[in-house]
Structure formats: structure tokens, C-alpha cells
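J.: Quick one: structure below, then a few questions.
The values are calculated or read from the model by the stated rules, or taken from the named source; none is laboratory data. Nothing here was measured: the structure is a model prediction, and the numbers come from that model. Don't worry about glycine lacking a Cβ; one is built from the backbone with ideal geometry, like all the others, and counts go over all protein chains shown. When the accessible area is computed, the model is the full protein with side chains, heavy atoms only, and any ligands, DNA or RNA have been set aside. Shrake-Rupley method; radii C 1.70, N 1.55, O 1.52, S 1.80 Å.
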Amino acid sequence: MNAKPRSLRRRLTLTLIGGAAVLAILFYMVIRLYAQQIAQQSQDRILEASVTSLLDAAVVRDGQIELDVPYAAFAMLDTPADDRVFYAIYQDQTLLSGYAGLEGATAQTRRTPAFSTRDFAGAQVRVATVTQTLPANPRPVSLTISVAQTRDSLAGTLLTISINAAVFGGAFFLLAAGMALWTSASTLRPLRQIAESVARRGPSDLRPVTRTVPTELSPLVSSLNALMTRLNLSLTQSETFIAEAAHRVRTPLATVRSHAEVTLMRVDKDENRQALRAMIRAIDESSRAAGQLLDHAMVTFRRDQLERQDIDLVAICSDIVDRLTPVADMMDLDLMLVDQGPVPVKADPILIQNAVRNLVDNALKYSPPDKVVRIIVACDPDPTITVTDQGIGFPDDQIDMLSNRFQRGNNVKDTVGSGLGLTIAQDVAEAHGGHLELKNLKGGGACAVLHLSH
Amino acid sequence: MRGLAFVALILWAGLARAADFEERQVFDAPEATQTLRVLSSTDTDSFAPVLTGFIAQNPSVSIDYAVAGSADIVDIIAQCGDCFDVVISSAMDLQLKLANDGLARRLPDVDPSAGSQWRQSLFGFTHEPATIVLNRAAFAGRPMPKTRQELIEALRADPEFFRGKVGTYDVRLSGLGYLFATQDARTSETYWRLMEVFGSLGALLYCCSGAMIDDLAQGDLFVAYNVLGSYAATRPETREKVTIITPTDFATTMMRTVLVLDTTSQAEAATNLVRYLTSGIWAETDRPGYPLPAIGVTEVPPPAGVVTLEPGLLVYLDALKRSLFLGAWSSALEQ
Ligand SMILES: Nc1ncnc2c1ncn2[C@@H]1O[C@H](COP(=O)(O)OP(=O)(O)OP(=O)(O)O)[C@@H](O)[C@H]1O
Ligand SMILES: [Mg+2]
């Protein structure tokens, strides 16, 4: 069970943007709350000034309160939004003047006003109330004054501040979001650069990464380097192992074969000669099988570490022709290279060589003497190497399975072979993004096409 | 049935109110589909040209024009909130109180200059200074007083000549008189000295500008204080007999204000009327020297002494303040 991979950059960006959003909202709310308090305070201060000026204007005459309302007491309540003004003046529990029902008289003395917010005359109002006891004969009188004001101007101020706060919050958020994108990109840049530089390397380039990296990445890079060192070691070991194994198997077999041949010359008894020939043939089979097995192992190994180089298919093929012409001559076969100028490809030359050699080997093995074997190198549109002969051709009923491992045809008679040649050719073709095509020619003869891609 | 009862109720309400009104007249529109009910402190004669001008522009709106004293207007509205659609009054303080108490509708569509409106519900549309009007014959050979101080000196110089020949508003009866008096008192102490001189000369007290100007023209009065000068200026029969003086020390200037009652069911027609009044078109098209000088038509910039629409106007309406003021006023005038 593999969890869906998560992008580090996306997570970082989202976290930063989310943080910015939270901060922006917090900023907006704090400003609003603060503005609300300030606006409320300034309204309260004016109400307090008004109610105090009324209180100061009160005098008691013959046990009756006289209050010469100062013009400023109400004039100071003028606001840009023309807020409505209400007031009530009580002597003890009796309304002397103003609006009934605004606020009841309270008994306790309060020189600093008590503020409250409530509905009055169809609007929300802020009320400031003071109560004071004035000395008088025969007994002191209590004076309660309330001044109230609607909150239209306050609401207007708040709206303006809210809009400004929202604009600033939004701008802050956009800025922070931009910075979050930039930060996450630049933070992860070293990581991407390392990945790119490692990906750009050739398959056999297992040198340690030496560029200076941020401290957070150095554990990753040093374990990567350790891993590559180990890998390099084991690869070198495998390659030498394969070469060593081939050598170890073939050398004793060659020795045994030469002994058998010498013995064959000495013995005269027909049945002994028969047995020796069977022995030599078995040795040939084993030697061939060992060689092909090791080649196959080599192909499998190189396929995983494909090392593409700029090579010319024609050059490779003409090299093979040069090497195999003596063999062909011995079999009275004519080996021909057909080409129309160089065919450059990016490929592993050792693998291509191996595949073509196996195909040519088949053509030489399975065709009768005095025939022609052609190697045709073409490039339309993909590069191909075609090997044709004029022999018996592939067995039609087996043609689809011939490239399976150890699969030999029923047409082999006593030809030595292991059934791995076409498997190798096919693996090489697939390693280069192509495939192996087998068909029989109309006029007789087999045709094997190694399709490669650029 | 219910509709009939409703009509009956309205008729009854109308009859019951009839006694409160000084005048009531319907100005019919040619294609009348609705009738706008206007309660005003301005007499019908003075306001008729404005109303006919409005009807010419709005031929579907008839106007039922009722006139009452500015103080009575408050009582009428208090008793029957939905008997009228529009209230026009010269008592700015009482109008402001109506708006402050939430009886006036906000008219966001009306766009007057900022100084002449309050809460977008109370709109001033005239500038009318309080003046000193003198009987020209009585002052023949005497220096014409240009300020209150000069008036005091003129009166003191010849008390026997002026005794019983000076007059002003009875501020206990007239809302406009009270507004002028309180604003004068707020502005300068000279007012009180003038009232003391008036009291010592046995001043006559009037309910309205019209009556004062009549008496001036007939020679029963030599000096009238705080009269709407524009009234005197437009009456052809009085024009030659009086001299109108706008005091140069300070001239308390009142704005006639209009508001639309919140209970109205004809908000659009009412808004149109307010727009018509605040536009000042009526003053431009009508005869020159029309008694109501529209804002901005007669003087640009507005005169210095204009009473502003602000909560401070509520101060003199306070019961305690009013009784103190009236007490002081009475003791100054009734010596
Ligand atoms: N050119 C050819 N003509 C006819 N038959 C062929 C030809 N090439 C291959 N074959 C058939 O395909 C079979 C598989 O070929 P492959 O090369 O894989 O094995 P091999 O040649 O038998 O053994 P080796 O591994 O030694 O090459 C052969 O056994 C043979 O029957
Ligand atoms: Mg073969």
C-alpha cells in the first residue's frame, strides 16, 4: 500500500498562505475591534462632556431644581451624520424635562457617567447617565441627567475603518501569498538542483555529489553518496564476476575438448570414436551454452544500466562482417553488408554488437553453402538492422516462440545451439525501445529485423 | 363598509382639526390623481405662487394647504400623525425637534447644499433675516438707527415720543418670535438691554409679522423689532410708509424648512415638492421682490447670521430652559 505522494512545495506554500490568511483576518478583526472601542470612547467622551455641562448648570432654588441648559450641551453633539439627540432630567423620580422613558432615575450618586447602549425612538442610542445629590432645604434633592445620541456617525466611521482595514488586510494577504510562493520555491530550489544534477548524470557516473548544499539536505546527500559508493562497488564486482565466470567455464572446457580431439585421433575402434564424437559435441553444446548464458547475463545487466553513446550502426555492422567473413568463407557463404551511408544512433555499442552477431551467427548456421547472407542497415524512419539468408527459414508454426529462452526450432537437426541467440537479440532491441521482428522471405530464407529507436 | 367608515373617520378628523387651522385651501391640479396634504406656518397668500408653480410642473398633484401657527403645528402632528404629508414652518427649532424625534422621513434623493439640511430629512429653502421696521414719518428728521445699540440710544433719547409705539413678537405665542429672541439672546447681551428699553416704553406684543406691519403703516407703531422685513417690502400699501433696516451688528436669519412626515403614503409627490422648494426655481420664475427669498437666490454666499440646523436648537425647547428664558423675557418687558 503506497500513500499518494504529497508535494513538499505545495504543503509549504499552503501552510504559509494559510498563515497569511489567518493573520490578515486577525489583523482585520483587531483593527475593527480597536476602532469600535476608540469610536465608542470618543462618543462616550462627548456624551460625558454634555451631561457634565448640564450637571454643572443645575442649581436648586426653593427646593426646586433650575437648569439653564447651556447651548453647547447639545451643540457639541452635532455630528457629520446629524445624529439624533435625546435627554432626560429628573429631580428625584420626577421628570423635569426631556424625553420620558429614556432612562429612569437611580438613587446612587454617580459623578462619572454610566454608559449603556439601548433602543430608543426607533434607533439604537448610546446613553450617558449621571446622578448627583444637591444640598437643599429641607432635604437634599437628587438630580439624574441622561443624554443619549444615535450611533449613525459612529457606524459611518466604523464602516470607513472596516473598509480600510479590509483593503489593508487584503493587500497584506496578497503580498504574503506572493512571498509564500517565492519562499517555498527558493527554499526547495537546492533540493531540485541536486535532483536535476543527479538525474543528468550518465548511468555509470556514480561519483559522489560534491556541491555545497543547505545543512538540512546534507544528511540526505551524504547517505546518497554512501549508497552510490556501495552501488559502484557491487557493479564493478558483478562485471568482473561475469567476465571471470566466462573465463573459468570456457578454459577447462577448451582443455577437455582438445584432449578429446587428440584422443579421437588415436582410437580406431568405431564405437569408441562414436562416443568421443558425442563427447566433443556435448562439450561444444556446454561451451556454447555457457557462452550464451554469460552473454545473456551481460545483456540483462547492461540493459538495466543502459549506456547510450553516439554510434554508427553501419560501422558496427562492417566490423562484424570483417570478423565473421573468415567463418563464412569456411562455410562457402557470402557475407554482404548493404547500407546507404552512416546511421547514427544513441545506443550501447556492446549490446548492438552482441545482438547482430547472434543474428548473423544464426544465418550462417542454418543456411546451406553457396548462398548469400545480407546485413542491411537502414534508417526509415527508425533505424533497423536486417539479417537475411537463403536457407530453410524459420519453422512457420514456431515463429512466435523462437525468441523465448532456450527455445530452439524443430529445424535445427544437429546444429549446436542453446536457444538463447534470439532472446539476446530481442532483449537488446527492447532495451533500446525497439523490438525484434522475425519473418520468412517469399523466395525462401529467414529474415530477422532488429528495430531500434533513436 | 369599512372603506366608508374610514372616509367618515377622515372627514371627522378633518372637521375636528378645522378649528386649529387659520386657513385651509385646496389648490387643484388639472390632472389630479392625488392630493398632497401640506401643513404650513406660511399664510396662503404668500405661498400660493409657489404652490401654483409646483402644480404647473406636477399637474397630477393637487395640494391641500392648511395654515397653522408654528407652535400649533407640533400639537396637530402629535395628535394626528398621518393627517398630513408635508410640514413647512419658519420655526426651525420645532421642525428640528420633529425630525429629531423621528417623525421626518429621510429623503436620500434630495440633494441640497450641505448647510441647509439636517439628517437628509429637514431642508431649509429660504433665508429670511429678522429686521427692524420703522415708521418713516415718525423718524423724519431723526437719525435712522442701523444697529440695536443705535436703536436703544434713539429710544432712550425721546422716551415720551416712543412710549406705547414700539412692538415686537410675543415670544410666548409665536414660535418664530421665540426662535428670533433666543438666537438674539444667544448672540448678544444687547438684546436684553433692548428688551428692557422696550419694557420701559410699554411695548406692544404681537402674534405675527403681518399685524405689526399693518400697525406700522397706520402709524400706531413707530418701531417694530424682529419683523420679517420681506413681508413689509412686498406690500405695496405699506412700502412707502416704512423703512426696513437689517441691523448691521448682526442679523439673525431664519430658514423656512420643509420636512416630509414619515407616515406619508405619497412619498414620491412629497419628495418632488421638497425638491422643487430646495431648487429655488420658484423664486427665479416668480415676480421679483417675492416675500420668500430662496436660499442662494438673494445672497451668495449665505449671510453670516443664518441659524444653523443643529442639535443646539433643541436647547431652547427644553422645558426648564424655556421657563427660565420666558421668565427673564417677561421681567424685562413687563416692568
Ligand atoms: N536463420 C535461420 N534459419 C532458420 N532457422 C533459424 C534461423 N535462426 C534461428 N532459427 C531457428 O530459431 C531457433 C532459435 O534460434 P536461437 O538463435 O535463439 O537459438 P540457436 O541458434 O538454436 O542457439 P544459440 O543460442 O546457440 O544461437 C533455432 O533453434 C532455429 O530453429
Ligand atoms: Mg542462434
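J.: At 1.4 Å probe size, put B:M255, A:M179 in order of accessible surface, largest to smallest.
T.: Values: B:M255 5, A:M179 115 Å².
The residues order as A:M179, B:M255, largest area first.
J.: Given the options A:N362, A:H435, B:P159, identify the residue whose Cα lies farthest towards the positive end of the charge dipole of the protein assembly as shown (+1 on Cβ of Lys, Arg; -1 on Cβ of Asp, Glu).
T.: A:N362
J.: Relative contact order (percent) for the stretch A:201-305, with alpha-carbon contacts under 8 angstrom and 6 or more residues of separation? Spell out each step's value before the answer.
T.: Working: 45 pairs, mean separation 31.0, N = 105.
Reported as a whole number, the value is 30 percent.
J.: Here's another thing I want to ask about it. Enter the mean number of other protein chain beta carbons within 10 Å of the beta carbon of each residue in A:76-89, as an integer. Present the calculation step by step, with values, prior to reporting the outcome.
T.: Numbers: counts 3, 4, 6, 2, 1, 2, 12, 3, 8, 6, 4, 3, 0, 3.
Shielding by partners across A:76-89 averages 4.
J.: Which helices count as membrane-span-like in chain A under these terms: full DSSP H, at least 20 Å along the axis by C-alpha, Kyte-Doolittle mean of 1.0 or more?
T.: A:313-330
J.: If you take every DSSP beta bridge whose two residues both sit in chain B, what share of them, in percent to the nearest 5, is antiparallel? The partial results should precede the final answer.
T.: Working: 27 of 44 bridges.
About 60 percent, rounded to the nearest 5.
J.: Taking each full run of DSSP H in chain B as one helix, which ones are at least 27 Å long along their axis (Cα atoms) and have mean Kyte-Doolittle hydropathy of at least -0.5?
T.: On the way: long enough: none.
Once both thresholds are applied, nothing remains.
J.: Shape call for the stretch A:95-243 from the C-alpha gyration tensor, a ≥ b ≥ c root eigenvalues: rounded (a/c under 1.5), prolate (a/b greater than b/c) or oblate? All intermediate terms of the calculation are to be shown ahead of the outcome.
T.: Values: a/c = 7.94, a/b = 4.71, b/c = 1.69.
Prolate, because a/c is 1.5 or more and a/b exceeds b/c.
J.: Not counting ligands, DNA or RNA, and with a 1.4 Å probe, what is A:D284's accessible surface area in Å² rounded to the nearest 10?
T.: Looks like 40 Å² after rounding.
J.: To continue, here is another question. Computed FRET efficiency, Cβ-Cβ of A:D304 and A:V167, R0 56 Å: what is it to the nearest 0.05? Walk me through the numbers before you get to the answer.
T.: Working: r = 61 Å, r/R0 = 1.08.
For A:D304 and A:V167, the calculated efficiency is 0.40.
J.: Ok, one more. Relative contact order for the stretch A:308-454 using alpha-carbon pairs under 8 Å, separation at least 6, rounded to a whole percent?
T.: Working: 289 pairs, mean separation 34.2, N = 147.
About 23 percent, as a whole number.
J.: Also, I was wondering about something else. Ordering B:D262, A:D414 from largest to smallest accessible area (1.4 angstrom probe), what's the sequence? Kindly include the intermediate steps, with their values, before the conclusion.
T.: Values: B:D262 80, A:D414 110 Å².
If we order B:D262, A:D414 from most to least accessible, we get A:D414, B:D262.
J.: Something else now. Taking just the alpha-carbon atoms of the protein assembly as shown, what radius of gyration and Dmax come out, in angstrom?
T.: Calculated on Cα positions, Rg and Dmax stand at 58.0, 187 Å.
J.: Where in the stretch A:314-334 does the label zone of A:Q340 land, with the point 7 angstrom along Cα→C-beta and an amide N cut-off under 12 Å?
T.: Zone members listed by number: none at all.
J.: Which three semi-axes in whole Å describe the equivalent ellipsoid of the stretch A:201-305, each the square root of 5 times a Cα gyration tensor eigenvalue, listed largest first?
T.: Working: eigenvalues 541, 22, 11 Å².
Equivalent-ellipsoid dimensions as semi-axes: 52, 11, 7 Å.
J.: Find how many whole Å separate the alpha carbon centroid of the stretch B:194-213 from the alpha carbon centroid of the stretch A:225-287.
T.: Value for the Cα centre distance between the two parts: 148 Å.
J.: Here's a follow-up. Quick one: if you stick a label point 7 Å off each Cα along the C-beta vector at B:Q218 and A:T255, how many nm between them?
T.: If labels sit at B:Q218 and A:T255, their model points lie 16.4 nm apart.
J.: With a 1.4 Å probe and all protein chains kept in place, how much accessible area does B:L201 have, in Å² rounded to the nearest 10?
T.: So the heavy atoms of B:L201 present about 0 Å² to solvent.
J.: Ranked by accessible surface with a 1.4 Å probe, highest first, in what order do A:D295, A:D370, A:D334 come?
T.: Sorted by accessible area, descending: A:D370, A:D334, A:D295.
J.: For A:D361 and A:D397, calculate 0.36 nm times their separation in residues minus their Cα-Cα distance, and state this gained length in nm to one decimal. Can you show the working numbers first?
T.: Values: separation 36, 0.36 × 36 = 12.96 nm, distance 2.21 nm.
Contour length minus the Cα-Cα distance gives 10.8 nm.
J.: Next question, about the same structure. At 7 Å along Cα-to-Cβ for each site, give me the label-to-label distance between A:A72 and A:V416 in nm.
T.: The two pseudo-label positions are separated by 12.7 nm.
J.: Which entries of A:K371/A:K442; A:K413/A:K439; B:K97/B:K165 have Cα-Cα distances beyond 26 Å here?
T.: Numbers: A:K371/A:K442 16 Å; A:K413/A:K439 20 Å; B:K97/B:K165 35 Å.
Check vs 26 Å cut-off fails for B:K97/B:K165.
J.: Now for a different question. Given points 7 Å out from each Cα along the Cα-Cβ axis, report the B:A157 to B:S60 separation in nanometres with one decimal.
T.: The two pseudo-label positions are separated by 6.3 nm.
J.: For B:72-82, what's the mean count of beta carbons from other chains sitting within 10 Å of each residue's beta carbon?
T.: Values: counts 0, 0, 0, 0, 0, 0, 0, 0, 0, 0, 0.
Taking the mean over all residues of the peptide, I get 0.
J.: Between A:N440 and A:T212, what is the FRET efficiency for a Förster distance of 56 Å, r being their Cβ-Cβ separation, to the nearest 0.05?
T.: Values: r = 62 Å, r/R0 = 1.11.
My answer for the efficiency is 0.35.
J.: Using Cα centres only, tell me the gap between the stretch A:292-333 and the stretch A:78-94 in whole Å.
T.: 109
J.: Also, quick follow-up: If you count only protein heavy atoms and use a 1.4 Å probe, how large is the accessible surface of A:C447, to the nearest 10 Å²?
T.: Accessible surface of A:C447 is approximately 10 Å².
J.: Cα to Cα, under 20 Å, and not fewer than 8 places away if on the same chain: which lysines meet these conditions relative to A:K4?
T.: none
J.: On to the next question. Counting only the backbone N, which residues of the stretch B:190-219 are under 15 Å from the spot 7 Å out from the Cα of B:E334 toward its beta-carbon?
T.: So the set is B:199-200, B:202-206.
J.: Computed FRET efficiency, Cβ-Cβ of A:N225 and A:K4, R0 22 Å: what is it to the nearest 0.05?
T.: Numbers: r = 29 Å, r/R0 = 1.34.
E(calc), rounded to 0.05, equals 0.15.
J.: Sticking with this one: In cubic angstrom, how much convex hull volume per residue do the alpha carbon atoms of chain A span?
T.: Working: hull volume 133.3 nm³, N = 454.
For chain A, the hull spanned by Cα atoms encloses 294 Å³ per residue.
J.: Could you list the residues of the stretch A:130-146 with an amide nitrogen less than 18 Å from a label point located 7 Å from the Cα of A:V60 in the Cα-to-C-beta direction?
T.: A:130-145
J.: Lys and Arg at +1, Asp and Glu at -1: add these up for the other residues within a Cβ distance under 14 Å of B:A270 and post the number.
T.: Details: positive: B:R37, B:R105, B:R106, B:R275; negative: B:D64, B:D82, B:D85, B:D109, B:D262, B:E268.
Every neighbour counted, the sum reads -2.
J.: What number, in percent, do you get for the relative contact order of the stretch A:8-159 if the mean sequence gap of Cα pairs under 8 Å and at least 6 apart is divided by its residue count? All intermediate terms of the calculation are to be shown ahead of the outcome.
T.: Numbers: 226 pairs, mean separation 37.3, N = 152.
RCO, the stretch A:8-159: 25 percent.
J.: Reachable aspartates and glutamates from B:K146, Cα under 14 Å, same-chain residues fewer than 8 places away excluded?
T.: Reachable aspartates and glutamates: B:D249.
J.: Specify whether the C-alpha gyration tensor of the stretch B:45-125 places it in the rounded, prolate or oblate class, a ≥ b ≥ c being the square roots of the eigenvalues: rounded for a/c under 1.5, otherwise prolate if a/b is larger than b/c and oblate if not. List each step's numbers first, then the result.
T.: Numbers: a/c = 1.63, a/b = 1.15, b/c = 1.42.
In terms of gyration-tensor shape, oblate.
J.: Which of rounded, prolate or oblate describes the stretch A:363-454 when judged by the alpha-carbon gyration tensor and an a/c cut-off of 1.5? Could you put the intermediate results ahead of the total?
T.: Details: a/c = 2.02, a/b = 1.28, b/c = 1.58.
The shape class here is oblate.
J.: Grab the eigenvalues of the alpha-carbon gyration tensor for the stretch A:8-159, scale each by 5, take roots, and send me the semi-axes largest first in whole angstrom. Walk me through the intermediate numbers first.
T.: Details: eigenvalues 402, 45, 28 Å².
Taking √(5λ) for each eigenvalue gives 45, 15, 12 Å, largest first.
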